[in-house]
Every structure is written in structure tokens, then in C-alpha cells.
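Peer 1: Below is one structure. I have some questions about it.
The values are calculated or read from the model by the stated rules, or taken from the named source; none is laboratory data. Keep in mind that this is a model prediction, so the values were computed, not measured. Note that we place each Cβ from the backbone using ideal geometry, even for glycine, and neighbour counts take in every protein chain shown.
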Amino acid sequence: MASTPRRLKRSGLTMPIVTPRFINNAWHRGCDFINMDLEDSVPPNLKDVARNLVRESIPVVNKGGSDAVCRINHDLMEADLNAAIWPGITQVNYPKAEYGHEIERMDEIITRLEAERGIRPGTVEIGANIETAVGVANAYEIVTASARVMDFGGAAGYDMSRDLGVEMFVSFDQFVYGKGEVELAARAAGREPHAAPFTPNITGSVSDPDRAFAEADAARKCGFRIGGGLHPAVVEPQIRGFASSDDEISDAQWVLQEYRKLARTGTTWVQIDVSTVDREGSPRPMGADSYLGRHRVIDRYEASRAEELLQWRDLCRERDEEKAEAVARVRASEAE
Amino acid sequence: MTIPAKVRRSWLVTPVSQPERVSAAPSAGADVIVLDLAEFVAESDKPAARESLRDCLFPAKSTGAEVFVQIDPELMLADLSAAVWPGLDGIVVTRAETAEQIMAVDAIISDLESRRGLSPGSVALALNLETALGNHNGFEVSTASSRTCCLSLGRADLVMDLRPEPSGEIHLMQYLMQRLVTLASATGTVPLGAWWRFPDRGLHATPENTLEAALRGRAIGFKGSFCVLDNQVRPLNEGFTPSESEVAAAHGLCEAYASATASGTFTVLCVDDRVLTPDIARQAANTVAFSEACSTRDRFKIAAVDGVPIPVP
């Protein structure tokens with residue numbers, strides 16, 4: 001499979017493809033991806049109509065630089081894939097994944113359609129979402145069924161709650177076991193886990209920007225990189241929440257500087273009380289009252305995290321510039 | 001509660017490349033000293049560390065500790081060749097991931113045992129399931145060798161890059177800890193670990209936080225834990241030893257059960273408004289027995305310091 005550059009998925013809107021005002025306005029929302037839905041937001045009598053809209057909607061949603069992705073129906077997989085796999089589609093989201101053979105079948109169909117429709121082999125990734133107990137039980141089999149599964153998560157949310165017969169919006173984490181199984185499977189298979197630390201949510205609001213920021217901020221600090229939502233009001237807070245702050249960037253540079261010093265000594269770790277470090281100039285550690293704490297250990301693990309943080313900063317910056325330029329091009333051509 | 005065959009509450013990991021740490025380790029009072037070749041030894045220092053290891057084994061046991069050597073499975077042949085000598089009690093395998101890997105470790109140890117005059121099967125294995133794959137393969141990994149006595153998550157928080165959640169819990173660790181304790185019980189091995197929270201990382205914590213982590217860890221089934229600093233040993237020993245009040249309560253349950261069953265055929269009794277069943281009585285007896293084993297272990301270590309050798313309990 002051809003290697004593709006890492007695709008950022010900090011924020012994305014899932015919207016019914018049969019609602020033109022959503023699709024036509026999505027391009028300037030600033031999303032990393034736009035998830036054109038054929039599944040739960042499309043009523044059964046409109047599924048055929050919806051399928052016929054995917055191909056023409058791809059250039060509409062990605063003219064502002066967002067990736068065009070499509071969520072298909074679990075029970076209509078073949079017909080939906082046939083409608084969705086066109087040049088410009090970067091990912092197909094597969095809900096209620098339950099067995100490895102489903103993903104193998106998807107891979108076969110996508111491989112054929114890529115070849116028939118002039119798409120470079122391996123371009124289209126699969127987002128497999130676990131939403132049932134059967135899917136939890138088969139998590140590793142599902143994530144390893146195709147190298148295209150680059151986005152793997154779930155075991156929470158509306159459908160999982162229904163499957164288990166539990167209330168979704170509560171103040172505690174009712175999905176510890178299932179989410180753990182799915183995340184462990186993703187990590188064991190070397191795929192990016194689509195997960196986030198638990199944050200209490202008892203309102204169920206889909207448009208609360210403060211909550212969207214808090215969730216993305218907690219996810220970023222835990223090392224997670226994938227977001228998404230249903231309402232335009234959450235896009236900007238998610239992008240902001242997944243962005244490393246200037247203080248974190250300076251801190252990462254400080255960690256790497258200290259690690260280089262350490263490496264010359266032959267010892268493998270050192271603990272530094274950051275309250276005793278001169279915090280003038282740069283790079284400098286985050287303060288003793290920051291979420292990283294006062295007593296900081298410098299070792300290869302912290303150095304690795306710091307390197308990842310700086311790479312992430314660069315990726316985010318490049319992606320934001322790419323989208324801003326795309327939006328500016330559209331605005332300029334509309335003005336002419 | 002399953003009674004561990006041996007009392008191993010505190011496992012002090014000591015880099016072999018730091019002679020001053022190796023010399024100081026016996027006085028910390030650990031049940032097990034883990035001479036490390038893997039995690040805390042710089043690559044450039046590893047050849048010299050392996051050279052010096054054999055001479056560290058008996059001195060490390062001078063205060064009654066058992067001695068394990070911690071190896072890197074990617075370097076298993078060199079590390080095991082340096083470690084398997086008379087005096088060695090066991091091997092800690094970092095980043096244990098597959099059954100094949102553990103079978104290879106087992107075979108090398110068997111060969112070295114026979115060539116170097118150790119009793120066959122005398123070298124035990126403690127496996128650190130620190131990677132996602134190792135945890136995923138946990139059952140196969142932990143049953144790959146009959147030498148395996150203990151399982152732990154090692155420094156999974158660092159190896160798997162698991163970071164603190166807003167609650168202070170380390171992401172995914174509650175799931176992984178319960179999974180490991182269950183796995184250990186299913187495979188007849190002893191689960192090692194403590195319930196660390198932010199700001200603790202990589203087995204590194206203050207003595208106060210170490211005690212808290214040990215008490216929480218024992219409550220969910222762990223029987224002992226690794227640590228990296230001398231001052232963590234005492235809190236681990238304390239946290240993993242049943243408290244006096246627990247032991248007194250357990251004695252009370254044992255006596256109540258014994259006297260009731262002696263006088264009748266009760267299987268479910270009420271004592272102080274609590275249910276007492278045969279299993280609860282058995283658990284209380286286990287607490288008493290484990291407490292006594294801890295005392296015996298501590299007396300053995302004191303005797304070793306005093307130069308009065310007694311058999312390892």
C-alpha cells in the first residue's frame with residue numbers, strides 16, 4: 001500500500017448529505033475533515049438519493065481544504081461504498097463494526113474501486129467504529145483485518161449505550177472495560193487510537209463550545225489527536241483545544257535541551273524542580289503550578305514526547321495554513 | 001486472596017552501572033533487589049555492567065533480599081549470559097510481548113542453569129507487560145514458561161505513553177491494572193504493581209505517595225510492587241503488609257467461624273452485622289497466614305543483617 005502523509009483529524013463535522021445547506025456551507029468552517037453521512041442522519045427512504053449525492057459533494061466540501069470523508073451504513077456497505085469511493089475521498093467511516101471479515105470485504109471493494117476509478121492504491125482509509133458488545137469482543141480482529149484501518153475507536157456513544165442498555169449522559173465512565181479493550185487493540189496493532197480521557201457530560205449538548213474545548217484540551221494533554229462533532233460551534237474550540245500552547249512548545253524545547261545535556265553524562269534520567277529553574281528567556285519549562293507539575297523527570301520518554309509535540313505543532317501549523325489558503329482562493333475567485 | 005509462595009512486597013530496581021547504588025541497595029530493606037541491565041543503564045555502559053554483574057549477586061543478598069536481574073529481551077542472550085550464575089533467584093523480562101520471546105528466554109536460562117551448576121528450574125521469571133502487544137497477548141505470554149511467577153505492568157505508563165487524565169488517574173491504567181490482576185489470577189501468577197496517580201510516573205514517587213499507591217494497589221489485588229528509589233522500599237513493605245487492625249479483625253472472623261462450625265452446621269453466619277461465609281473465613285485465614293509470612297520474611301532479613309542465616313521462608 002502506498003504511504004500517504006499523516007492526515008490530521010482534529011475537528012470534523014458529521015452532516016446528512018441530503019441537507020444541501022449543511023453540505024454547501026461546510027467548506028469554510030475550518031474543519032480538518034467533513035464527514036458526509038449516509039447513515040443515521042439519512043432516513044431509509046432517502047438512502048438512494050443520498051448515495052447519488054456523494055460524488056458531486058466531494059469538491060463542494062473540500063474546496064476549503066477539508067478532507068472529504070463518508071460514513072456508510074453497516075447493513076448497506078457494498079452499495080454505499082460503490083457510491084462513496086471517488087477521487088477526493090480520503091476515508092470511509094464504518095459504524096457498528098463487529099467482525100474482521102466485514103473489514104476484509106470492505107478492503108476488497110475499496111481496492112477494486114480505487115483501481116477502477118483512478119485512485120492511487122491505499123489512498124482510502126477506513127475508520128472503524130465499535131458500537132456494540134460483539135464489536136468489543138472482536139476488537140483486535142477488526143483493527144488488524146486491513147492496513148487501511150487507521151482510525152479505530154468507539155465502545156461509547158449513542159449506539160453503544162443502546163446496545164448495553166445504559167444511559168449515555170452520566171457523571172461517571174460507564175464504558176471503562178469496552179473502551180479499554182478497543183484502545184488496547186488499536187495500540188497493539190500499531191494504529192492510532194480514536195479515544196479521549198473521560199470527562200463528565202450530563203447535558204448531552206452537541207454545540208457547547210466550552211465543553212468542546214475542554215474535551216479537546218484534555219485529549220491533547222493525554223496524547224490523543226482525533227476529534228469531531230456535529231455542530232459548527234465546536235469546530236474552532238476543537239482546533240484550539242488540540243493546539244499546543246506557546247508555553248508547551250517552549251517547555252518541549254527545554255526538555256530536549258536538558259535531555260541532550262543528560263545524554264552526555266551517561267545517566268538515563270534526572271529530576272529537576274522547575275521552581276528553581278530560571279524562567280527568563282527561552283526555552284523554559286512550564287511553571288511549577290502547570291499541569292505537568294513541579295518535579296519534572298527528564299529521560300528518553302519525556303524527550304520522545306517533546307519531539308512528538310514539536311512535530312505536532314508543525315503539522316497543525318501546516319494544516320491550518322493549507323486550509324486558510326484554500327478558503328482565501330475560493331473567496332478570491334468568488335469576488336472576481 | 002491467593003497467598004504468594006514467597007513474600008515479595010518491594011522490588012527495588014537498581015542500575016548495575018551505578019556501583020554506589022548497588023552497594024547501597026541492600027540496606028534499603030527490600031524483599032527483592034532487581035539488578036537492572038535494561039531500563040536505567042545507558043547503552044554505552046551495558047558491556048561493563050554485564051561484566052560486573054556476577055560479582056554483585058551475593059553482596060546484594062547480604063541483607064536477606066532475593067536477587068533478580070532485569071533484562072532487555074532484544075539483548076536477551078548477552079543479558080542472560082551475564083546474569084544466570086549461582087545466587088540468582090530470577091529474571092525480570094522488560095517489554096514481554098510474545099510467547100515465543102518468553103520460550104526463548106526460558107531455553108537460554110535452562111542451558112545456562114545446566115552449564116553453571118544451578119538447579120534446573122531454579123531461576124524464576126517475572127514478566128513486565130509494558131507494551132500494548134504484551135498486554136494483548138498476556139495469557140499466552142504468561143503461560144509460555146513454567147518459570148513465570150509474577151506479572152506486572154512495569155513502566156507501561158512510559159512505554160505505552162499513557163499520561164494523566166484531568167482526574168489525576170493515568171489514562172487506561174485502571175483498565176490495564178484490573179486486566180493484569182485478573183490475568184495473574186487466571187494463570188496462577190502473582191500480580192505486582194501499585195495504583196500510581198499523577199504526579200507519579202515510571203515507578204517514581206515520594207515515600208508518601210508510594211504508600212498510598214501500595215495501599216490502593218493491594219486493595220485491587222497486587223501483592224508487591226517495583227520501585228526505583230531506596231526510600232520507596234519501606235512504604236511498599238508497609239503498604240503490602242496487612243495492618244494490625246486487619247489482622248486482628250481476620251483473627252476474630254477465624255475464631256467466630258471456628259466456634260460456630262464446631263457447634264453446628266452453619267454455612268452462613270452473621271458476625272457484627274456482617275455476613276460470614278466459608279469463603280470469607282478462608283480469606284480471613286489467608287490474611288492471617290500472609291501476615292505471618294510477612295513477619296517471618298522480616299525476621300529473616302533482620303537475621304541476615306545480624307549474620308545469623310536462617311532458611312529462606
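Peer 1: Could you identify the single residue in B:Glu113, B:Glu130 that is touching a helix residue (DSSP H, G or I) at 6+ places or on another chain (Cβ under 8 Å) and touching a residue at least 24 places away in the same chain (Cβ under 8 Å)?
Peer 2: On the way: B:Glu113 fails: touching a helix residue (DSSP H, G or I) at 6+ places or on another chain (Cβ under 8 Å).
Criteria check complete, one pass: B:Glu130.
Peer 1: Report, by residue number, each residue of the range B:155-179 that is of a type in the set (A, V, I, L, M, F, W, C), more than 20 Å from B:Glu39 (Cα to Cα), more than 8 Å from every other protein chain (Cβ to nearest Cβ) and assigned to a helix (DSSP H, G or I).
Peer 2: Quick first cut of the range B:155-179, residues of a type in the set (A, V, I, L, M, F, W, C) only: B:156, B:158-160, B:162, B:170, B:172-173, B:176-177.
Subsequent filtering for residues that are more than 20 Å from B:Glu39 (Cα to Cα) retains B:170, B:172-173, B:176-177.
When the remaining residues are screened for being more than 8 Å from every other protein chain (Cβ to nearest Cβ), the result is B:170, B:173, B:177.
Answer for the range B:155-179, where residues must be of a type in the set (A, V, I, L, M, F, W, C), more than 20 Å from B:Glu39 (Cα to Cα), more than 8 Å from every other protein chain (Cβ to nearest Cβ) and assigned to a helix (DSSP H, G or I): B:Met173, B:Met177.
Peer 1: Right, something else. Under the condition of being closer than 20 Å to B:Gly224 by Cα and touching a Leu at 6+ places or on another chain (Cβ under 9 Å), which residue from the range B:120-137 is nearest to the other protein chains (Cβ to nearest Cβ)? Quick ask: steps written out before the conclusion?
Peer 2: Let us first name the residues in the range B:120-137 that are closer than 20 Å to B:Gly224 by Cα, namely B:123-130, B:135.
Now restrict to residues that are touching a Leu at 6+ places or on another chain (Cβ under 9 Å): B:123, B:126-130, B:135.
Values: B:Val123: 26, B:Ala126: 21, B:Leu127: 16, B:Asn128: 15, B:Leu129: 11, B:Glu130: 11, B:Asn135: 6 Å.
Among them, the one singled out is B:Asn135.
Peer 1: Exactly one of (1) within 26 Å of B:Glu130 (Cα to Cα); (2) within 14 Å of chain B (Cβ to nearest Cβ); (3) surrounded by 15 or more Cβ atoms within 10 Å (Cβ to Cβ) is unmet by A:Ala216. Its number?
Peer 2: (1)
Peer 1: Can you report the number of residues in the range B:35-69 which are among the charged types (D, E, K, R) and farther than 22 Å from B:Cys149 by Cα? So that I can check it myself, show each step before the final result.
Peer 2: Residues of the range B:35-69 that are among the charged types (D, E, K, R), as a first pass: B:36, B:39, B:43, B:45-46, B:50-51, B:54-55, B:61, B:66.
Add one more test, that the residue is farther than 22 Å from B:Cys149 by Cα, and what stays is B:43, B:45-46, B:50-51, B:54-55.
Residues flagged as among the charged types (D, E, K, R) and farther than 22 Å from B:Cys149 by Cα within the range B:35-69 amount to 7.
Peer 1: Which residues, counting only those in the range A:50-86, are of a type outside the set (Gly, Ala, Ser) and part of a loop (DSSP other than H, G, I, E, B)? Steps first, answer last, please.
Peer 2: Residues of the range A:50-86 of a type outside the set (Gly, Ala, Ser): A:51-56, A:58-63, A:67, A:69-78, A:80-82, A:85-86.
A:Asn62, A:Lys63, A:Ile72, A:Asn73, A:Ile85, A:Trp86, listed by residue number.
Peer 1: OK, next. Among the residues of the range B:159-177, write down those that are touching a Ser or Thr at 6+ places or on another chain (Cβ under 9 Å) and buried (at least 20 other Cβ atoms within 10 Å of the Cβ).
Peer 2: B:Val159, B:Met160, B:Glu165
Peer 1: Using the structure shown, decide if A:Glu248 is at pLDDT 95 or above and closer than 30 Å to A:Cys31 by Cα. If you could, list the steps in order and put the result at the bottom.
Peer 2: Values: at pLDDT 95 or above: yes; closer than 30 Å to A:Cys31 by Cα: yes.
When the stated conditions are applied, A:Glu248 passes them.
Peer 1: If I go through the range A:259-285 residue by residue, how many of them are in a loop (DSSP other than H, G, I, E, B), touching a residue at least 24 places away in the same chain (Cβ under 8 Å) and within 13 Å of another protein chain (Cβ to nearest Cβ)?
Peer 2: Step one: filter the range A:259-285 for residues in a loop (DSSP other than H, G, I, E, B), giving A:266-269, A:277-285.
With touching a residue at least 24 places away in the same chain (Cβ under 8 Å) added as a condition, the list becomes A:268-269, A:282-285.
Restricting the remaining residues to those that are within 13 Å of another protein chain (Cβ to nearest Cβ) gives A:268-269.
Number of matching residues: 2.
Peer 1: Looking at B:Ser185, B:Ser152, B:Ser225, B:Ser146, which one is touching a residue at least 60 places away in the same chain (Cβ under 8 Å), away from every other protein chain (no Cβ under 14 Å) and either surrounded by fewer than 20 Cβ atoms within 10 Å (Cβ to Cβ) or over 20 Å from B:Gly90 (Cα atoms) (or both)? It would help to see each step written out before you state the result.
Peer 2: Details: B:Ser152 fails: either surrounded by fewer than 20 Cβ atoms within 10 Å (Cβ to Cβ) or over 20 Å from B:Gly90 (Cα atoms) (or both); B:Ser225 fails: either surrounded by fewer than 20 Cβ atoms within 10 Å (Cβ to Cβ) or over 20 Å from B:Gly90 (Cα atoms) (or both); B:Ser146 fails: touching a residue at least 60 places away in the same chain (Cβ under 8 Å).
Testing whether each residue is touching a residue at least 60 places away in the same chain (Cβ under 8 Å), away from every other protein chain (no Cβ under 14 Å) and either surrounded by fewer than 20 Cβ atoms within 10 Å (Cβ to Cβ) or over 20 Å from B:Gly90 (Cα atoms) (or both) leaves just B:Ser185.
Peer 1: Let me ask you something else. Can you tell me which residues in the range B:42-70 are surrounded by fewer than 24 Cβ atoms within 10 Å (Cβ to Cβ) and either touching a His at 6+ places or on another chain (Cβ under 6 Å) or among the β-branched types (Val, Ile, Thr) (or both)?
Peer 2: Of everything in the range B:42-70, those that are surrounded by fewer than 24 Cβ atoms within 10 Å (Cβ to Cβ) and either touching a His at 6+ places or on another chain (Cβ under 6 Å) or among the β-branched types (Val, Ile, Thr) (or both) turn out to be B:Thr63, B:Val67.
Peer 1: For the range A:21-48, which positions are out of contact with any Pro (no Cβ under 8 Å at 6 or more places or on another chain), closer than 20 Å to A:Arg10 by Cα and among the acidic types (Asp, Glu)?
Peer 2: A:Asp32
Peer 1: What single numbered condition from (1) crowded, with 16+ Cβ neighbours inside 10 Å; (2) assigned by TED's automatic domain parsing to the domain that holds A:Gly223; (3) small (Gly, Ala, Ser) fails to hold for A:Ala233?
Peer 2: (1)
Yes/no per residue for (1) within 10 Å of another protein chain (Cβ to nearest Cβ); (2) without any contact (Cβ under 8 Å) to a residue 24 or more places away in the chain; (3) not hydroxyl-bearing (Ser, Thr, Tyr):
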residue: A:Thr132; (1), (2), (3): no, no, no
residue: A:Phe152; (1), (2), (3): no, no, yes
residue: A:Ala156; (1), (2), (3): no, yes, yes
residue: A:Met160; (1), (2), (3): no, no, yes
residue: A:Met168; (1), (2), (3): no, no, yes
residue: A:Phe172; (1), (2), (3): no, no, yes
residue: A:Ala189; (1), (2), (3): yes, no, yes
residue: A:Thr203; (1), (2), (3): no, no, no
residue: A:Ser207; (1), (2), (3): no, no, no
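Peer 1: Shifting gears a bit: What's the number of the condition B:Trp195 fails, among (1) within 10 Å of chain A (Cβ to nearest Cβ); (2) in a loop (DSSP other than H, G, I, E, B); (3) buried (at least 17 other Cβ atoms within 10 Å of the Cβ)?
Peer 2: B:Trp195 satisfies every listed condition except (1).
Peer 1: A further question on this structure: Determine whether the range B:281-295 contains at least one residue that is in a loop (DSSP other than H, G, I, E, B), farther than 30 Å from B:Asp157 by Cβ and in contact with a helix residue (DSSP H, G or I) (Cβ under 6 Å, 6 or more places away or on another chain). I'd like the intermediate steps shown before the answer.
Peer 2: Within the range B:281-295, the first condition is being in a loop (DSSP other than H, G, I, E, B), and the residues that meet it are none.
Checked the range B:281-295: no residue is in a loop (DSSP other than H, G, I, E, B), farther than 30 Å from B:Asp157 by Cβ and in contact with a helix residue (DSSP H, G or I) (Cβ under 6 Å, 6 or more places away or on another chain).
Peer 1: Going by what's in this entry, would A:Asp320 be described as out of contact with any Cys (no Cβ under 7 Å at 6 or more places or on another chain) and under 30 Å from A:Asn25 (Cα atoms)? Walk me through how you get there before you give the answer.
Peer 2: Values: out of contact with any Cys (no Cβ under 7 Å at 6 or more places or on another chain): yes; under 30 Å from A:Asn25 (Cα atoms): yes.
Yes, satisfied.
Peer 1: Can you report the number of residues in the range A:87-104 which are in a loop (DSSP other than H, G, I, E, B), of a type outside the set (Ser, Thr, Tyr) and either surrounded by fewer than 20 Cβ atoms within 10 Å (Cβ to Cβ) or in contact with a Ser or Thr (Cβ under 9 Å, 6 or more places away or on another chain) (or both)? Steps first, answer last, please.
Peer 2: Quick first cut of the range A:87-104, residues in a loop (DSSP other than H, G, I, E, B) only: A:87-88, A:95-99.
Add one more test, that the residue is of a type outside the set (Ser, Thr, Tyr), and what stays is A:87-88, A:95-98.
Checking the rest, the ones that are also either surrounded by fewer than 20 Cβ atoms within 10 Å (Cβ to Cβ) or in contact with a Ser or Thr (Cβ under 9 Å, 6 or more places away or on another chain) (or both) come to A:87-88, A:96-98.
Within the range A:87-104, residues that are in a loop (DSSP other than H, G, I, E, B), of a type outside the set (Ser, Thr, Tyr) and either surrounded by fewer than 20 Cβ atoms within 10 Å (Cβ to Cβ) or in contact with a Ser or Thr (Cβ under 9 Å, 6 or more places away or on another chain) (or both) number 5.
Peer 1: What single numbered condition from (1) within 20 Å of the chain's Cα centre (by Cα); (2) basic (Lys, Arg); (3) part of a helix (DSSP H, G or I) fails to hold for B:Arg115?
Peer 2: In the conditions (1) within 20 Å of the chain's Cα centre (by Cα); (2) basic (Lys, Arg); (3) part of a helix (DSSP H, G or I), B:Arg115 misses (1) alone.
Peer 1: I'd like the residue in the range A:296-307 that is more than 17 Å from A:Asp247 (Cβ to Cβ) and either crowded, with 16+ Cβ neighbours inside 10 Å or of a type in the set (D, E, K, R) (or both) and, out of all such residues, is nearest to the other protein chains (Cβ to nearest Cβ). Even if it seems obvious, please write down each step before you answer.
Peer 2: Applying the first criterion (more than 17 Å from A:Asp247 (Cβ to Cβ)) to the range A:296-307 yields A:297-301, A:303-304, A:307.
Next cut, either crowded, with 16+ Cβ neighbours inside 10 Å or of a type in the set (D, E, K, R) (or both) only: A:297-301, A:303, A:307.
On the way: A:Val297: 6, A:Ile298: 12, A:Asp299: 8, A:Arg300: 9, A:Tyr301: 4, A:Ala303: 11, A:Glu307: 12 Å.
Result: A:Tyr301.
Peer 1: Given the conditions (1) within 14 Å of chain A (Cβ to nearest Cβ); (2) among the acidic types (Asp, Glu); (3) assigned to a helix (DSSP H, G or I); (4) within 23 Å of B:Leu77 (Cα to Cα), and given that B:Asp55 satisfies all but one, which numbered condition is not satisfied?
Peer 2: Looking at each condition in turn, B:Asp55 falls short on (1).
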